[in-house]
Amino acid sequence: MKKKILVTGGCGYIGSHTVVSLIENNFEVTIIDDLSNSQEDVIDSIKEITGIKPNFLKCDLKNKDHIDNILKYHKGFEAIIHFAAHKAVGESVQNPLMYYQNNLTGLINLLVCAQKYNINNLIFSSSATVYGNPESLPISEKNKTQRPSSPYGNSKKVAEEIIEDLATASKDFSAISLRYFNPIGAHKSGLIGELPTGIPNNLMPYITQTAIGLREKLMVFGNDYPTKDGTPIRDYIHVEDLADAHVKALSRLLNKSQETNFEIMNLGTGNGFSVLEVIKTFEEVTQQKLNYEITQRRSGDVPKLYADAKLAEEKLNWKAERTLNEMIKSSWIWEQKVRKQL
Ligand code: UFG
């Protein structure tokens, strides 16, 4: 019998890649997603990749009765992987309540219902943003968290605290929070990838959209940071590596291999690349000249952020394997494919 897993936000960027990985590892997946930042046809792409169509139910997690109803009629989930959340940093600064309402009310509703129906395993989609501007690098999970500079980031930090409190109160409940560094790339099939609505906030979709002619030029936000070439350094990680880590974390939960019932793990490669290095690699890998210009710093950006990823390696037996070249190549293949379809 396949183990049943509920994936919230499973039509989204990281969610869809994780669903593929789950199906390939013999789990039965049910996705709930409100499609606010994703498309239902992702389900068909997942079927094309894996040969299996995951179950899909449209559901907004702000509606607790709807979640309750779903869990009443769809029994037997062994775990939840919770991706569903808003994630645009700038938008969260403009509209903090929308972010707290969606990301925190959604989480609380989900946990209340999960408790009611006895689903006691959770994997939470967190972010390196909870570290703020770290004092030392690479950042390990032992580093103190800081109040993130955006409501989006703070919603991730508070969400972790809520989950930790529940784990303290209920010994039956187990959770792993995975702190992502900078996920980029797309599935090797070219069938799923990141599809930001409107103007992208993040570097890689902005680069690929510029190269394809959708944006005039990339603005590089500052070259006066204390780094090797003055541009900020980040730990970019291939979304397929990230997806595999979720499956490993899930197995850890289901096998009851945890040391404590709330664990936190960084998911990064441990390598940092500057914005200019990413641009240069993009130009080399794709043979495209990128139009870009150095402009002022973007507020809230930290100079350097890269992971100490040893804990995940030790506890999950997982290590990010794909190179920056592979990440960029797959992002570019995806961008070209998407634009042909639209
Ligand atoms: N950058 C540019 N131009 C752009 C976009 C980004 O120069 O058009 C630079 C940024 O200044 C930064 C780097 O590219 O130095 C990476 O920026 P991203 O927006 O891609 O990623 P961030 O590191 O800012 O964002 C990550 C996650 C978010 C998270 C955020 C919190 O992607 O989900 O960290 O700091 F909220």
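A few notes on this one:
- Within the stretch 294-313, being part of a loop (DSSP other than H, G, I, E, B) and within 12 Å of the ligand (Cβ to nearest atom) holds for GLN296, ARG297, ARG298, SER299, GLY300, ASP301, VAL302, PRO303, TYR306.
- Out of VAL130, VAL158, one residue alone is touching a residue at least 12 places away in the same chain (Cβ under 8 Å), of a type in the set (A, V, I, L, M, F, W, C), within 10 Å of the ligand (Cβ to nearest atom) and part of a helix (DSSP H, G or I). It is VAL130.
- Restricting attention to the stretch 161-171, the residues that are outside any loop (DSSP other than H, G, I, E, B), open to solvent by 20 Å² or more (accessible area, probe 1.4 Å) and in contact (Cβ under 8 Å) with a residue 60 or more places away in the chain add up to 2.
- Scanning the stretch 177-224 for residues that are more than 7 Å from the ligand (Cβ to nearest atom), surrounded by fewer than 18 Cβ atoms within 10 Å (Cβ to Cβ) and within 30 Å of ILE163 (Cβ to Cβ) gives PRO196, THR197.
- Residue in the stretch 14-29 that is at pLDDT below 95 and open to solvent by 20 Å² or more (accessible area, probe 1.4 Å) present: no
- Given (1) among the polar types (S, T, N, Q); (2) open to solvent by less than 40 Å² (accessible area, probe 1.4 Å); (3) within 23 Å of the chain's Cα centre (by Cα), index of the condition THR231 fails: (3)
- Check on GLU141, open to solvent by 10 Å² or more (accessible area, probe 1.4 Å), at pLDDT 95 or above, part of a loop (DSSP other than H, G, I, E, B) and not aromatic (Phe, Trp, Tyr): yes
- Contact map, the stretch 172-187: residues that are closer than 30 Å to LYS337 by Cβ paired with residues that are within 16 Å of the ligand (Cβ to nearest atom) and of a type in the set (D, E, K, R), Cβ distance under 7 Å, separation 6+ or inter-chain. Pairs shown: PHE181/ARG234; PHE181/ASP235; ASN182/ARG234; ASN182/ASP235; ALA186/GLU194.
- Residue list for the stretch 264-293, restricted to those being open to solvent by 20 Å² or more (accessible area, probe 1.4 Å) and in a strand (DSSP E or B): ILE264, PHE273, TYR292, GLU293
- Matching residues, the stretch 104-127, being within 16 Å of the ligand (Cβ to nearest atom) and under 21 Å from ALA243 (Cα atoms): PHE124, SER125, SER126, SER127
- Of the residues making up the stretch 54-64, not a single one is part of a helix (DSSP H, G or I) and open to solvent by less than 50 Å² (accessible area, probe 1.4 Å).
- Identity of the residue in the stretch 307-320, in contact with a strand residue (DSSP E or B) (Cβ under 8 Å, 6 or more places away or on another chain) and closer than 17 Å to GLY185 by Cβ, that ends up least open to solvent (accessible area, probe 1.4 Å): ALA307
- Odd one out for ASN261, checked against (1) over 23 Å from LYS171 (Cα atoms); (2) away from the ligand (no atom under 16 Å from the Cβ); (3) buried (at least 18 other Cβ atoms within 10 Å of the Cβ); (4) over 19 Å from the mean Cα position of the chain (by Cα): (1)
- Qualifying residue in the stretch 231-246 (condition: part of a loop (DSSP other than H, G, I, E, B) and away from the ligand (no atom under 12 Å from the Cβ)): no
The values are calculated or read from the model by the stated rules, or taken from the named source; none is laboratory data. Please read these numbers as outputs of a predicted model, since none were measured by experiment. For neighbour counting, all protein chains shown are included, and Cβ atoms are generated from backbone atoms with ideal geometry for every residue, glycine included. Quick note on the areas: whole protein, heavy atoms, side chains included, nothing else; ligands and nucleic acids left out. Shrake-Rupley method; radii C 1.70, N 1.55, O 1.52, S 1.80 Å.
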